[in-house]
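Notes for the one structure printed next.
Just so it is clear, none of the values below were taken in a lab; they were calculated from the coordinates. Values in this document were obtained by computation on a predicted structure and should not be read as measured data. Positions of Cβ are generated from backbone atoms using ideal geometry, with glycine treated the same way; all protein chains shown enter the neighbour counts.
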Amino acid sequence: MQNVLEEDDVVVNQSAPAATVVPILIYADVGTAIEWLRNAFGFAERLRVGRNGVVFHAQLVVGDGAIMMGCQGAEYRPPRQGEVQQYVHVTVDEVDAHFERAKRSGARIVDAPHDTPFGERQYTAEDPEGHRWAFSQHVADVPPEKWGATLAVR
């Protein structure tokens, strides 16, 4: 039996992450990627879907953000070595400590921690399947105009 929703009812889907924007990343081995992302980057597993011992979908969370993961298929594949298709940006509390954890866990460091002109301290790492991750900590409140940006919406 389906629930009947009234016009003012708020719909909450327990099967979907609550974040507004949720990237979906493709991995050749979702199960292995889950463990690596938990150990190296501190993600928490929200759910996984598998069949016959093979994980083909998962959701991970960090803070109020989330990612979904899918398995490689005919039209989906992880990036090739050295190929950048996207970066996932994640805000963390202590970027230097996060960097050390990722480095100890074997993340390939693309860009070491550094301060940016726009008020962030950040580093970039690559996971074992080639996805790029930018981890960033707010260190200063810098107006966009100070570093060359223009706000599109006021």
What list of ³J(HN,Hα) values in whole Hz, one per residue of region 30-41 in order, does the Karplus curve 6.51 cos²θ - 1.76 cosθ + 1.60 (θ = phi - 60°) give from phi, with Gly and Pro shown as x? 4, x, 5, 5, 4, 4, 5, 5, 5, 5, 7, 10
Pairwise FRET efficiency - Gln14 versus Gln72, Cβ, R0 = 25 Å, nearest 0.05: 0.40
Report the residue, chosen from Gly31, Gly73, Gly53, that carries the largest GNM mean-square fluctuation when the chain is represented by alpha-carbon nodes joined by springs under 10 Å. Gly53
If you take every residue apart from Tyr87 with its C-beta less than 15 Å away from the C-beta of Tyr87, what net charge results, scoring Lys and Arg +1 and Asp and Glu -1? -4
What's the center-to-center distance, using Cα atoms, between region 96-154 and region 16-67 in Å? 21
For Asn52 and Val21, calculate 0.36 nm times their separation in residues minus their Cα-Cα distance, and state this gained length in nm to one decimal. 8.1 nm
Going through region 45-102, which chymotrypsin sites (Phe, Trp or Tyr not before Pro) have at most 10 other Cβ atoms within 10 Å and a DSSP loop state? none
Cα convex hull of the chain - mean projected area over all directions, nm²: 13.5
